[in-house]
Every structure is written in C-alpha cells, then in structure tokens.
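Below: one structure, written as structure tokens.
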Ligand SMILES: O=C(O)[C@H](O)COP(=O)(O)O
C-alpha cells in the first residue's frame with residue numbers, strides 16, 4: 001500500500017495505482033494528526049514539503065520501507081529516524097532544477113527593472129515613468145550562495161543574459177568543472193560583489209539565519225535578494241528592516257519561516273516596495289510536477305519491487 005499525502009501529477013498517481021494499491025489524499029498534509037493512524041500496512045509514503053515525517057509518525061509505520069519526496073528539500077523529514085528504522089528516503093533530485101532556475105532569473109529581471117508594480121498608481125491616473133525606469137541584468141553580477149545543481153542551472157541562464165557569476169559552496173570541490181566561468185569565492189566575497197543574490201542552500205543548523213542583519217549590511221547598496229531555498233535561512237525581521245531602511249533595493253521570497261504564511265506572519269511585509277512574495281512555487285510548474293511525480297512514482301515502485 002502507498003499513501004500519498006500531497007498533490008501529485010494524476011498520470012503518475014494512476015501509474016502507481018495500476019501497480020500497487022495506493023491512497024491519494026492530496027490534502028492530507030493539512031490534517032497531519034490523522035497520518036499516523038493511517039500508516040498500518042503502508043510500505044511507501046509519498047510527500048511534498050508540508051507533511052512532517054517525524055519520529056512519531058515513523059513509530060506508527062511498522063511496514064514502511066520508503067519515503068518518496070516530491071521535491072528536493074528534506075527538512076520536513078527526520079532523516080536520522082528514517083535511517084534508524086531502515087526507511088529509505090528518495091528525493092526527486094534534478095527534476096525541478098529548471099523551474100527554480102527560471103524563477104530566480106525572472107525575479108532578478110523583475111527586481112532590477114522595478115517596472116512592474118505600477119498598476120495601482122497608473123489606475124489612479126499617474127504616469128510614473130522615471131520611477132519605473134530600472135536597471136538591466138546584463139553586465140550585473142549574480143551571487144549564488146550554495147552552488148549545487150539548481151544554482152548551476154541558474155548560473156547558465158544568467159550567463160546567457162550577459163550576467164557575471166560568483167558563488168560560494170564548500171561542498172563543490174575547487175577543481176570541479178562547474179566552476180568554469182564562475183568566480184569561486186566565500187560568503188563575504190559574494191556579499192561584496194553581487195548585484196543579485198540568490199540562496200541555494202538547504203535549511204540545516206549551519207544555514208539557519210545565514211542571511212541576517214550583519215550579512216544584509218555587507219550587501220552592495222542597490223543589491224537585491226532572492227530566496228527560493230528555505231525560509232529559515234533568512235532572518236525575516238532583519239530583511240524587513242534592511243528593506244525599510246533602503247539598505248538593499250528589493251527582495252523576492254518564495255519561502256518563509258512560517259508556511260503557509262498566515263495574515264499575522266505576513267503583516268511585517270506590509271507596505272514594502274519592490275518586494276515579491278510567492279507561495280513556495282519556485283520548484284513547482286506544470287512541467288516540473290510531471291517530472292517530479294514521474295520520477296518518484298518510478299523510483300518508489302522500483303524500491304518496493306526489490307523488497
Ligand atoms: O524542496 C523542493 O524541491 C521544493 O521546496 C519544492 O518542493 P515541493 O514540491 O514540496 O513544494
């Protein structure tokens with residue numbers, strides 16, 4: 001039996017159902033408390049980023065062999081507890097690289113251009129030409145904090161637009177071909193050089209609030225920040241202060257310290273110009289949903305067939 005607790009491409013669900021009994025409840029992550037009670041007989045659990053795969057859930061999952069993750073971030077899964085129970089965790093590595101890379105490039109263009117938030121003023125009869133005359137990305141520097149596969153895809157797109165790239169990542173070896181045409185530096189080097197900074201690190205202890213008052217102060221005046229990684233990597237209060245004080249020129253946030261973003265948690269962003277908020281969709285397009293879902297369906301079935 002397979003239990004799917006969040007949305008998945010319907011064709012991929014159908015292919016699972018044709019092979020093994022599968023229960024598809026795309027809203028089950030909203031009722032997290034019900035999941036442990038449904039785990040008896042479940043050999044594979046398929047989740048996105050909202051289902052919390054905790055030690056408690058695993059304790060109720062005597063038959064579980066594999067967790068398929070319809071995405072790449074694993075901070076909602078207790079990896080140590082999975083390992084201890086011999087439960088394999090399979091992420092959809094690579095399947096949403098392009099959608100995140102396109103998201104970052106779109107936001108770099110929109111944030112530097114500064115032209116797309118004029119509707120209210122124009123509908124009120126204004127003609128704010130000079131306020132909407134922004135900057136080009138060509139010739140600007142994109143700084144990537146974390147230089148894994150998604151960041152590398154983003155770098156390629158940015159280079160095709162004439163951007164320079166600098167990046168930091170202690171896990172990509174100095175002699176990796178990935179660095180060709182990219183300035184390899186450290187965090188402070190990225191903060192100093194970049195006009196656009198994009199985050200590509202997982203949320204772990206070492207990256208929590210990695211972007212804080214100090215790092216924001218070290219960014220170039222006029223620089224912008226894009227976070228499509230994980231909410232906890234950015235200290236939201238420090239970011240709001242930096243935006244209010246004009247220390248940086250804009251930000252795009254796809255991920256938040258609290259998700260879903262409640263009206264209460266969103267209130268601090270009220271009234272900020274050049275701020276783009278999206279609901280954790282950087283990695284989710286129609287196409288990536290098909291790629292991610294197909295990959296996980298195939299890999300989960302392969303894993304179940306082995307046992
Ligand atoms: O980790 C990821 O790949 C992204 O956060 C997308 O994951 P999601 O599809 O669960 O939103």
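The values are calculated or read from the model by the stated rules, or taken from the named source; none is laboratory data. As the structure is a computational prediction, the values presented were derived from the model and not from experiment. A quick note on method: Cβ atoms are made from the backbone with ideal geometry, for glycine too, and the neighbour counts reach across all protein chains shown.
The single condition from (1) touching a strand residue (DSSP E or B) at 6+ places or on another chain (Cβ under 8 Å); (2) within 29 Å of residue 166 (Cβ to Cβ) that residue 222 fails is (1). Residue check: residue 260 meets all listed conditions (1) away from the ligand (no atom under 15 Å from the Cβ); (2) without any contact (Cβ under 8 Å) to a residue 24 or more places away in the chain; (3) in a loop (DSSP other than H, G, I, E, B) but one, namely (1).
When the residues of segment 42-63 are filtered to those that are touching a strand residue (DSSP E or B) at 6+ places or on another chain (Cβ under 6 Å) and more than 16 Å from the ligand (Cβ to nearest atom), the one that is nearest to residue 16 (Cα to Cα) is 44. Screening segment 9-34 for residues that are within 13 Å of residue 50 (Cβ to Cβ) and within 16 Å of the ligand (Cβ to nearest atom) and picking the one that is farthest from the chain's Cα centre (by Cα) gives 25.
Here segment 83-101 is the region considered, the condition is being out of contact with any helix residue (DSSP H, G or I) (no Cβ under 7 Å at 6 or more places or on another chain) and farther than 16 Å from residue 304 by Cβ, and the residue that is farthest from the ligand (Cβ to nearest atom) is 84.
Residues considered: 136, 102, 126. Of these, the only one that is on the phi < 0 side of the Ramachandran plot, within 23 Å of the chain's Cα centre (by Cα) and modelled with pLDDT of 95 or more is 102. Scanning segment 274-307 for residues that are modelled with pLDDT under 95 and touching a helix residue (DSSP H, G or I) at 6+ places or on another chain (Cβ under 8 Å) yields one hit, 274. Of the residues making up segment 44-74, those that are in a loop (DSSP other than H, G, I, E, B) and buried (at least 18 other Cβ atoms within 10 Å of the Cβ) are 48, 49, 51, 61, 64, 65, 70, 71, 72, 74. For the structure I just gave you, tell me whether residue 25 is under 21 Å from residue 75 (Cβ atoms) and surrounded by fewer than 18 Cβ atoms within 10 Å (Cβ to Cβ). Spelling it out, it is not the case that residue 25 is under 21 Å from residue 75 (Cβ atoms) and surrounded by fewer than 18 Cβ atoms within 10 Å (Cβ to Cβ).
Going through (1) over 30 Å from residue 148 (Cα atoms); (2) within 16 Å of the ligand (Cβ to nearest atom); (3) surrounded by 15 or more Cβ atoms within 10 Å (Cβ to Cβ) one by one, residue 39 falls short only on (2).
Considering only residues in segment 266-290 that are away from the ligand (no atom under 11 Å from the Cβ) and assigned to a helix (DSSP H, G or I), the one that is farthest from residue 250 (Cα to Cα) turns out to be 290.
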